[in-house]
Structures are given as structure tokens and as C-alpha cells.
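Asker: Got a structure for you, written out below as C-alpha cells; questions coming shortly.
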Amino acid sequence: MQTATLSEHYDCLAPDQSEIRLLAATERASTVHCTLPPGKTSLAVTHRTVEEIWFFIEGQGEVWRRQGARDEVTAVAPGVSLTIPTGVHFQFRNTGPSPLRFLCVTMPPWPGDDEAHRVPGHW
């Protein structure tokens, strides 16, 4: 059993350059709190082996996802949830005046620095 408390300062930068605060993890999944400051756009990446579920809790933004011929941009705000399937190209940006924050569940747990690799971006 684990208990985690959200840190005031981020633990690391994600491969897409968003701020990551580590939360609880199990053998089958990990969770993080992600922040993208106002005016920022993430780098575009794809994951080799994991899939994710995101739940937005603060701010406004857009998430671009591409899977094969399917290409879409989704407006995000508190209460919106979306998935990042394995192999999907994605990028997100903060379009509001406050930080864009969301919870991210990764399955299986994040394996390390080689998991994500850069792809051509939408923005």
C-alpha cells in the first residue's frame, strides 16, 4: 500500500517538457500530476509500450493526437478525460492564463527515459 502527497516543486520534466510530480504507483500502473505553464506548448512525442489516461483539473488547452490516418485536436478544461493509446503521436498546449494541470495514469508504470521519442509536432 502507498500514500503520496503532491509536491510543491516538480520532480522532473517529462520527455514532452511538462512538469511532473510523482504520485502513487503499483506494479500495474503509475500516476503523476502534470503541469504545463501558461503560453507553453509541449514537444510532440509517442510512447513505445505504455498507454495513458489523462484527467484535466485546471486551466484550458488543446491536445493533438494522431493515430494512423486519424488526426484530431481536442479542447481540454477541468472535467475532460482522454486517452493516449500506445503509439499515438501527441502534443498539447496551454491556451489559457493559468497553468494547465492534469492527472495522468500510465499503464504499465512508466519504464524510463527511453519510453517516449520525439515525432513531428502539430504546433
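The values are calculated or read from the model by the stated rules, or taken from the named source; none is laboratory data. Note that this is a predicted model, so its numbers are computed, not measured. Cβ atoms come from the backbone with ideal geometry, glycine included; neighbour counts cover every protein chain shown. Calculation scope for accessible area: heavy atoms of the full protein, side chains included, ligands and nucleic acids excluded. Shrake-Rupley method; radii C 1.70, N 1.55, O 1.52, S 1.80 Å.
Asker: Check Thr5, Thr31, Thr26, Thr41 and return the single one that is open to solvent by 50 Å² or more (accessible area, probe 1.4 Å), more than 26 Å from Trp123 (Cβ to Cβ) and in contact (Cβ under 8 Å) with a residue 12 or more places away in the chain.
Answerer: Result: Thr26 is the single residue among Thr5, Thr31, Thr26, Thr41 that is open to solvent by 50 Å² or more (accessible area, probe 1.4 Å), more than 26 Å from Trp123 (Cβ to Cβ) and in contact (Cβ under 8 Å) with a residue 12 or more places away in the chain.
Asker: May I pose another question? Search region 58-87 for residues that are farther than 14 Å from Ala44 by Cα and pair each with any residue that is open to solvent by 30 Å² or more (accessible area, probe 1.4 Å) and aliphatic (A, V, I, L, M) when their beta-carbon atoms are under 6 Å apart and the residues are at least 6 apart or on different chains.
Answerer: The qualifying pairs are Gln60/Ala77; Pro78/Ile57; Thr83/Ile53.
Asker: To continue, here is another question. Does Thr3 satisfy being among the β-branched types (Val, Ile, Thr), outside any strand (DSSP E or B) and more than 12 Å from Cys104 (Cβ to Cβ)?
Answerer: yes
Let's see how each residue does on (1) modelled with pLDDT of 95 or more; (2) open to solvent by 70 Å² or more (accessible area, probe 1.4 Å):
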{"residue": "Thr46", "(1), (2)": "yes, no"}
{"residue": "Thr49", "(1), (2)": "yes, yes"}
{"residue": "Phe55", "(1), (2)": "yes, yes"}
{"residue": "Glu58", "(1), (2)": "yes, no"}
{"residue": "Asp71", "(1), (2)": "yes, yes"}
{"residue": "Val76", "(1), (2)": "yes, no"}
{"residue": "Pro85", "(1), (2)": "yes, no"}
{"residue": "Asp114", "(1), (2)": "no, yes"}
{"residue": "Arg118", "(1), (2)": "yes, yes"}
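Asker: Can you tell me how many residues within region 49-94 are farther than 14 Å from Thr106 by Cα and aromatic (Phe, Trp, Tyr)?
Answerer: Total meeting the criteria: 4.
Asker: Mind checking which pairs have a first residue in region 105-116 that is within 13 Å of Glu27 (Cβ to Cβ) and a second that is of a type in the set (S, T, N, Q), Cβ under 7 Å, 6 or more apart or different chains?
Answerer: Here the result reads Thr106/Ser30; Pro109/Ser30; Trp110/Ser30; Pro111/Thr49, each pair linking region 105-116 to a residue that is of a type in the set (S, T, N, Q).
Asker: Another question about this same structure. Would you check which residues across region 99-112 are open to solvent by 40 Å² or more (accessible area, probe 1.4 Å) and part of a loop (DSSP other than H, G, I, E, B) and list them?
Answerer: Pro108, Trp110, Pro111
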